[in-house]
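*Asks:* Can you read through this structure? Questions will come right after.
The values are calculated or read from the model by the stated rules, or taken from the named source; none is laboratory data. Keep in mind the model is a prediction, meaning the values are calculated, not measured. Glycine gets a Cβ as well: all are built from the backbone with ideal geometry, and neighbour counts include every protein chain shown.
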Amino acid sequence: MYISDKAWDKYISMLREVNEAAAQEMNYYLATHNWWVNKQERKAALDFAFALATKYGEAASTAACLFYDEIAQNFAERIIPAAVPAPTATYGEVAKVFNGAALTENTEIISSAIGRLVKQAGQDTTLHNALRDGAEFAWIPAGDTCAFCLTLASRGWQNMSKKSLKNGHAEHIHANCDCAYCVRFDGRSSVAGYDPDKYRKMYYDADGSTPTERINSMRREAYAKDKKTEGSDNSELIKV
């Protein structure tokens, strides 16, 4: 049995909208305030970032709970308790991310960093509940997937354990990414279109003898394809 493309796309679209809303609000604040001029203004910007991470993090966690419960209802062969939202980022965690990104003085980078914290809350929710319920999990690619995410996706379905969390958080969450964790309870169901064998072949066919070398090779290949596409005539590919 498969989680349909429609159901999965609806879920990741919801997460994307929440992440982007947080990033856009952060970007607007930074563009309309002199947040860099002194400690007071910088503290105000950090407070605003924390408020956004909390507000939209709760929204991401709620979306993850709803999807988790939907999977449990439709695919689990036993009764699964209702999902519990994971805590949003603490003030200290937001401060670490905000201050680190602020060193670049690039408002887009700062805003994306806050959006990443929002996404993390949703992914934490999925994995924390998977740990509670003894579920399996997998990293499902979506959209324009980077080489690193394809490598994670090649691992397939895995048993959830505390080792899959780092300091209580889902790992590998980065900005501008629609990929997300999914769970299963029956050892058979999956997400339509998810093919870890294909991603695994891509990884082992890449040049290099170490994970870093292979991932970098996949990145270079993807970059070359993108450049070729940009320089080609795509008129025949467009159907009206």
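*Asks:* Can you spot a residue in the stretch 147-163 that is closer than 25 Å to A82 by Cα and charged (D, E, K, R)?
*Replies:* Yes, there is a match, as at least one residue in the stretch 147-163 is closer than 25 Å to A82 by Cα and charged (D, E, K, R).
*Asks:* Applying the selection to the stretch 206-240, what residues are outside any loop (DSSP other than H, G, I, E, B) and either among the polar types (S, T, N, Q) or modelled with pLDDT of 90 or more (or both)?
*Replies:* Of everything in the stretch 206-240, those that are outside any loop (DSSP other than H, G, I, E, B) and either among the polar types (S, T, N, Q) or modelled with pLDDT of 90 or more (or both) turn out to be T212, N216, S217, T229, S235.
*Asks:* Tell me, yes or no, whether the stretch 172-181 has at least one residue that is among the polar types (S, T, N, Q) and over 14 Å from I12 (Cα atoms).
*Replies:* no
*Asks:* Return yes or no: is A102 closer than 23 Å to A21 by Cβ and small (G, A, S)?
*Replies:* So A102 passes the test.
*Asks:* Report, by residue number, each residue of the stretch 82-100 that is part of a loop (DSSP other than H, G, I, E, B) and surrounded by fewer than 20 Cβ atoms within 10 Å (Cβ to Cβ).
*Replies:* A82, V84, P87, T90
*Asks:* Same structure again: From G92, G57, G100, which residue is within 17 Å of the chain's Cα centre (by Cα), on the phi < 0 side of the Ramachandran plot and not polar (S, T, N, Q)?
*Replies:* Just one listed residue meets the conditions, G57.
*Asks:* Cβ-Cβ distance below 8 Å, separation of 6 or more or different chains: which pairs start in the stretch 175-188 with a residue that is under 16 Å from E70 (Cα atoms) and end on one that is in a strand (DSSP E or B) and among the polar types (S, T, N, Q)?
*Replies:* R184/S190
*Asks:* Among the candidates A138, A130, single out the residue that is part of a helix (DSSP H, G or I) and in contact with a Phe, Trp or Tyr (Cβ under 6 Å, 6 or more places away or on another chain).
*Replies:* A130 is the lone residue from the list that is part of a helix (DSSP H, G or I) and in contact with a Phe, Trp or Tyr (Cβ under 6 Å, 6 or more places away or on another chain).
*Asks:* Further question: Do we have any residue at all in the stretch 32-40 that's surrounded by 13 or more Cβ atoms within 10 Å (Cβ to Cβ), among the basic types (K, R) and either within 21 Å of P87 (Cβ to Cβ) or out of contact with any Cys (no Cβ under 8 Å at 6 or more places or on another chain) (or both)?
*Replies:* No, the stretch 32-40 has no match at all.
*Asks:* What residue, among those in the stretch 163-196 that are in contact with a Ser or Thr (Cβ under 8 Å, 6 or more places away or on another chain) and not in a loop (DSSP other than H, G, I, E, B), is farthest from Q120 (Cα to Cα)?
*Replies:* For the stretch 163-196, the residue satisfying everything is P196.
*Asks:* May I ask you to list the residues in the stretch 57-75 that are crowded, with 17+ Cβ neighbours inside 10 Å and either in contact with an Asp or Glu (Cβ under 8 Å, 6 or more places away or on another chain) or under 23 Å from R188 (Cβ atoms) (or both)?
*Replies:* S61, A64, F67, Y68, I71, A72, F75, listed by residue number.
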